[in-house]
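I am attaching a structure below and will ask some questions about it afterwards.
Derivation of every value follows stated rules applied to the coordinates shown; laboratory data play no part. Remember, predicted model here, so these are calculated numbers, not experimental data. Don't worry about glycine lacking a Cβ; one is built from the backbone with ideal geometry, like all the others, and counts go over all protein chains shown.
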Amino acid sequence: GQNIDQPTEMTATEGAIVQINCTYQTSGFNGLFWYQQHAGEAPTFLSYNVLDGLEEKGRFSSFLSRSKGYSYPLLKELQMKDSASYLCAVRDGDYKLSFGAGTTVTVRA
Amino acid sequence: ETGVTQTPRHLVMGMTNKKSLKCEQHLGHNAMYWYKQSAKKPLELMFVYSLEERVENNSVPSRFSPECPNSSHLFLHLHTLQPEDSALYLCASSQFQDSAYEQYFGPGTRLTVT
């Protein structure tokens with residue numbers, strides 16, 4: 001089976017940077033996604049990485065290391081609205097998407 | 001309507017009831033999915049339809065029965081559910097099933113089985 005691990009909760013201060021680590025062990029790899037989910041709402045797409053390295057998109061960056069089996073998003077200049085659950089999802093060799101349990105990030109003033 | 005819509009948003013049903021969840025996508029996508037999201041647990045993939053054909057069934061109990069009449073609509077028929085089936089049921093769609101395209105999620109149906 002697939003194994004995707006990420007911390008349950010993280011707390012950070014407004015204006016700071018937060019990094020959420022996701023480690024995975026899957027049968028094959030065809031890309032890693034990050035989704036954001038606010039309480040009571042649908043998950044929304046944040047990023048997709050299939051090659052090693054850093055993908056930057058405004059305040060949000062996502063890093064992937066395929067050889068080490070981990071990824072992390074970097075959320076910069078944190079705002080209160082960034083308080084949400086962040087879901088790591090890996091597409092395996094059969095293109096099936098498996099999700100981690102999510103990391104709840106709380107941004108404090 | 002845009003994106004992915006789901007109805008109803010909330011549903012309370014007894015264990016002997018029969019109900020259906022509806023999902024509609026307005027994105028012209030070819031693949032649709034049902035997921036179950038329980039508190040503090042990963043999203044669990046239940047069913048995948050690609051071009052209106054079921055391509056994935058993750059050992060889901062037969063009390064859940066999906067139906068995909070066309071590429072824009074997906075249903076989940078429920079009957080004789082158990083209290084542990086209470087969860088958020090999310091529908092999603094993507095351009096194609098086996099590609100790098102991201103999935104777009106609906107707002108979900110919060111199901112409570114009493």
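Check cross-link reach from B:K40 to the aspartates and glutamates: straight Cα distance under 13 Å, and skip same-chain residues fewer than eight apart.
A:D5, A:E9
So if we plug the beta-carbon distance of B:S72 and A:K81 into 1/(1 + (r/R0)^6) with R0 = 25 Å, what FRET efficiency do we get, rounded to 0.05?
The value I calculate is 0.20.
Under the definition of Cα pairs under 8 Å and six or more residues apart, what whole-number percent is the relative contact order of chain A?
Details: 277 pairs, mean separation 41.1, N = 109.
Worked out over chain A, it gives 38 percent.
Cα gyration tensor of the stretch A:50-109, axes a ≥ b ≥ c as square roots of the eigenvalues: rounded (a/c below 1.5), prolate (a/b > b/c) or oblate? It would help to have the intermediate numbers written out before the result.
Numbers: a/c = 2.79, a/b = 1.58, b/c = 1.76.
Oblate shape, in that a/c is at least 1.5 and b/c is the bigger or equal ratio.
Determine, at each q value in 0.14 (inverse angstroms), the log₁₀ of I(q)/I(0) that the Debye formula gives when each Cα of chain B is one equal point scatterer.
-0.51
Note down the Stokes-Einstein diffusion coefficient of the protein assembly as shown in µm²/s, whole number, using a Kirkwood radius over alpha carbon pairs, 25 °C, and 0.890 mPa s.
Here the translational diffusion coefficient equals 136 µm²/s.
In chain B, which cysteines lack any other cysteine Cβ under 4.7 Å from their own?
Taking the Cβ cut-off of 4.7 Å, the unpaired cysteines of chain B are B:C68.
Averaged over all directions, how much area does the convex hull of the C-alpha atoms of chain A cover when projected, in nm²? Mind showing how you got there, number by number?
Numbers: hull surface 25.6 nm².
So the mean shadow area of the Cα hull is 6.4 nm².
Next up: Which one, A:G58, A:Q36, A:I20, projects farthest toward the positive side of the charge dipole computed for the stretch A:1-81 from Cβ point charges (K/R +1, D/E -1)?
Farthest along the dipole direction, towards plus: A:G58.
Still on this structure, please answer the following. Please state the relative contact order of the stretch B:18-114 as a whole percent: Cα pairs under 8 Å, 6+ residues apart?
Working: 212 pairs, mean separation 31.6, N = 97.
Once divided by the residue count of the stretch B:18-114, the mean separation gives 33 percent.
Sticking with this one: From the P(r) of the stretch B:47-103, could you give the percentage of C-alpha pairs in the tail past 13 Å?
Working: 1053 of 1596 pairs.
Considering the stretch B:47-103, 66 percent of its Cα-Cα pairs are separated by more than 13 Å.
Any idea what the dipole of the stretch B:40-88 comes to, in debye rounded to 20, about its Cα centre with Lys/Arg Cβ at +1 and Asp/Glu Cβ at -1? Provide the component values of the computation, followed by the final result.
Details: 4 positive and 7 negative charges, 37 e Å.
Dipole about the Cα centre, nearest 20: 180 debye.
Here's something else I'd like to know. List A:V105, B:V55, A:V90, B:V60 from most exposed to least, where exposure is judged by having the fewest other Cβ atoms within 10 Å.
On the way: A:V105 21, B:V55 14, A:V90 24, B:V60 17.
Ordered from fewest to most neighbouring Cβ atoms within 10 Å, A:V105, B:V55, A:V90, B:V60 come out as B:V55, B:V60, A:V105, A:V90.
While we're on this one: Write down the Å³ per residue value for the convex hull defined by the alpha carbon atoms of the stretch B:10-49. Spell out each step's value before the answer.
Details: hull volume 4.9 nm³, N = 40.
So the per-residue hull volume is 122 Å³.
A follow-up question, please. Quick one: length gained pulling B:R9 to B:F96 fully straight, 0.36 nm per residue minus the C-alpha distance? Don't jump to the answer; show the numbers that get you there.
On the way: separation 87, 0.36 × 87 = 31.32 nm, distance 2.60 nm.
Computed gain between B:R9 and B:F96 is 28.7 nm.
Mind sorting A:D94, B:D98 by how few other Cβ atoms lie within 10 Å of their own Cβ, fewest first?
So the residues, fewest neighbours to most, are A:D94, B:D98.
Ok, one more. Report the relative contact order of the stretch A:1-60, percent, no decimals, based on alpha-carbon pairs under 8 angstrom and at least 6 residues apart. Please report the intermediate quantities before stating the final value.
Working: 53 pairs, mean separation 15.5, N = 60.
In percent, rounded to a whole number, it is 26.
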